[in-house]
1. Of all the residues that make up segment B:55-68, how many are open to solvent by less than 40 Å² (accessible area, probe 1.4 Å), farther than 9 Å from B:ARG229 by Cβ and either hydrophobic (A, V, I, L, M, F, W, C) or not in a helix (DSSP H, G or I) (or both)?
2. Inside segment A:88-99, can you point out the residues that are open to solvent by less than 10 Å² (accessible area, probe 1.4 Å) and either more than 9 Å from every other protein chain (Cβ to nearest Cβ) or modelled with pLDDT under 95 (or both)?
3. Residues to consider are B:THR189, B:THR228, B:THR215; find the one that is open to solvent by less than 20 Å² (accessible area, probe 1.4 Å) and over 30 Å from A:HIS89 (Cα atoms).
4. Those residues that are within 22 Å of the chain's Cα centre (by Cα) and open to solvent by less than 80 Å² (accessible area, probe 1.4 Å), I need them from segment B:105-118; list them, please.
5. Specify which of the listed residues (A:ILE294, A:ILE272) is surrounded by 15 or more Cβ atoms within 10 Å (Cβ to Cβ), in the same structural domain as A:SER327 (by TED's automatic domain parsing) and over 28 Å from A:ILE206 (Cα atoms).
6. (1) closer than 30 Å to A:HIS232 by Cβ; (2) of a type in the set (Lys, Arg); (3) within 14 Å of another protein chain (Cβ to nearest Cβ): which one isn't true of A:LYS42, the others all being true?
Amino acid sequence: MALLELQDITAGYDKNVILKNLNLQVEKGELLSLLGSSGCGKTTTLRLIAGFSEPMSGKFLFDGKDYTHVPLHKRNFGFVFQSYALFPHMTIFDNVAFGLRMRKCSSSEIQNQVMETLELVDLKGYEKRFPKELSGGQRQRVALARALVIKPDLLLMDEPLSNLDAKLRVKMRVEIRKLQQKFGITAIYVTHDQEECFAISDKVAIMNQGIIEQLDTPDRIYNRPNTEFIAHFVGFENFLDLTSAEGGYTGADGSFFRADAPQKQGRLKACIRPEDIQIAPLGTDVPNRLDGQIMVETFLGKRYQYNVKTALGEMVVSADQEHIYHSGESVTLSLASNKIILL
Amino acid sequence: MNKKALTIGWLMVLPGCLFVVFFMLVPLFLLVFRTFFDEGGSFTLNGYWEMFQSTYFQQVFVRSLKLSLISTAICALLGFPSSYYIAKYSRHKGMLMAFAVFPMFTSPVIRSFSWIVLLGKKGIVNSALMTIGLTSKPISILYNEVSMTIGFIQLFLPLMILSLIGVMENIPEDLNLAAGSLGATKLGTFRHVVLPLSIPGLVTGSVLVFTGCLTAYTTPQLLGGTDTRVLATVIYQYAMSLGDWTQASIVAVVMIVVTVCVSSGINGISRRLNPTI
């Protein structure tokens, strides 16, 4: 059974419904990311789990118990804020010790655990400083230490790295992942950064307009999107309207494509990434052929990107620099059959 | 900054500076200066010595200090919850703040007269107390320290509330949530997060209220009796009724010293509660 379960959760403010009948399961020890653009409901979901707000309807089960109305301070969930939310009037030591003090731990126990946790996040020697004397990355680690020291049943993180610079972000996400795996903490991580999300997660839930569009492992999300929204989201730029035919699919102009994925029936949408389309001079004999004319070529450093006008719409193709085509040239495209995704 | 801008800047602050120097610093200096010299022009501390020897002045001094401190404490106690509500929970912040400062729109004279009507032997307060049976005959709450304290509180509570709201509004909601997620109850969050972070507002408010109470003249004059004089009314008495400007100056200097001492005392206490301010 899943450790955490959201059942038919509807939530929002006043008449403004943000989550609609949301269902979600998280297994013990896994790190699940909620990914989506702003306003998709990911932060609302996280805050609801944390106990900052209550749903309008639906149930939240944790470890088999109904947590829907358990007050915030009784949940024993660690929360890492985007703003870090460190207590500005307390030293780093007192910040980290706060949760233990609220649990009435003995002072020797507090001393030991705080120092141990500060060492874990590489902040030994900073315990007498105040938050404003620390850099962004250090504050972030204090926030993490403060949430970890209470040995939370669940660790919730709300875009914890978005206020850091790019280099530090990469470093910190590895740190977070290491700590999470070391202690086997179940964690939920909210982000709008796809790369960060794929790098850190066991599972990813992609949210759109208050519902979860797909919940899967990062590689399945990346390679096998379920919906057009997700395909767009993870970088599929070419979409084709196809109709099923004997042994494959036909486009509106009669062109024929084979796809390795199991055959589907009727009218459907297919998608493919720019780098999975081969480009060749016009008339080259290639499988899954589609002819077109180059409209724009864009130099991207390592590769060239071509926008190609075809009978099935504009295709974005990414190719290496072995042969460079120029706008106005007619070309033949080849869509890799094992890379065509049927939606 | 270039030279021209600097010159213009100086020209702009000059009128204000001149005003402060000639109408405040110079008179203040003269006032303090004269209290240290006797009529013959030789230096002496006798004025102060005699003043503090007099039982009458001792009573006035203690009473002023006591009433101001009590009023400040009550303003803090009353102001804190209302400010917190207005700053954090209210949907009608603007309206409630207008209500809070509304008493300041009328003059202290009018307000004091209203209190005379309310607190008198046949006033609403006494009638109400007798109706519900808390007392059988009217209690005396006018022309004494009680009515003065009530007057002070009404006069200066808005200052406390405004100072507190300004600070409380800037406490991020995330801090309360963070405290809660770490296991703090509402009360614990208040005690460990909201209260210490509100200290700067409490300091500003307390200093304003305390100095206000200590220096207020109208309220103690109208709501106090002849046996409950305070420093401000005593200054008037010395200067206007007795024509003794030296004595009046001495009381004024004492008042300034007390204000400065208590203000820094309040600052000291608050620094203990919140070391980062």
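1. Counting residues in segment B:55-68 that are open to solvent by less than 40 Å² (accessible area, probe 1.4 Å), farther than 9 Å from B:ARG229 by Cβ and either hydrophobic (A, V, I, L, M, F, W, C) or not in a helix (DSSP H, G or I) (or both) gives 2.
2. A:ILE92, A:ASN95, A:VAL96, A:ALA97
3. Working: B:THR189 fails: over 30 Å from A:HIS89 (Cα atoms); B:THR215 fails: open to solvent by less than 20 Å² (accessible area, probe 1.4 Å).
Only one candidate passes the filter, namely B:THR228.
4. So in segment B:105-118, the residues within 22 Å of the chain's Cα centre (by Cα) come out as B:105-116.
Within segment B:105-118, B:THR106, B:SER107, B:PRO108, B:VAL109, B:ARG111, B:SER112, B:SER114, B:TRP115, B:ILE116 qualify.
5. Details: A:ILE272 fails: over 28 Å from A:ILE206 (Cα atoms).
It is A:ILE294.
6. (3)
Conditions (1) part of a loop (DSSP other than H, G, I, E, B); (2) closer than 30 Å to A:LEU6 by Cβ, marked per residue:
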{"position": "A:ILE206", "(1), (2)": "no, yes"}
{"position": "A:GLN214", "(1), (2)": "no, yes"}
{"position": "A:TYR222", "(1), (2)": "no, yes"}
{"position": "A:ILE230", "(1), (2)": "no, yes"}
{"position": "A:LEU242", "(1), (2)": "no, no"}
{"position": "A:ALA252", "(1), (2)": "yes, no"}
{"position": "A:ALA259", "(1), (2)": "yes, no"}
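Listed here are the residues, each with its yes/no results for (1) buried (at least 16 other Cβ atoms within 10 Å of the Cβ); (2) under 21 Å from A:HIS232 (Cβ atoms); (3) not hydroxyl-bearing (Ser, Thr, Tyr).
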site: A:GLY283; (1), (2), (3): no, no, yes
site: A:LEU290; (1), (2), (3): yes, yes, yes
site: A:PHE299; (1), (2), (3): no, no, yes
site: A:LYS302; (1), (2), (3): no, no, yes
site: A:GLN305; (1), (2), (3): yes, yes, yes
site: A:VAL308; (1), (2), (3): yes, yes, yes
site: A:GLY313; (1), (2), (3): no, yes, yes
site: A:SER318; (1), (2), (3): yes, yes, no
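The values are calculated or read from the model by the stated rules, or taken from the named source; none is laboratory data. Everything numeric in this text was worked out from a predicted model, so none of it was measured. A quick note on method: Cβ atoms are made from the backbone with ideal geometry, for glycine too, and the neighbour counts reach across all protein chains shown. We work out accessible area using only protein heavy atoms, side chains counted, and drop any ligands, DNA or RNA first. Shrake-Rupley method; radii C 1.70, N 1.55, O 1.52, S 1.80 Å.
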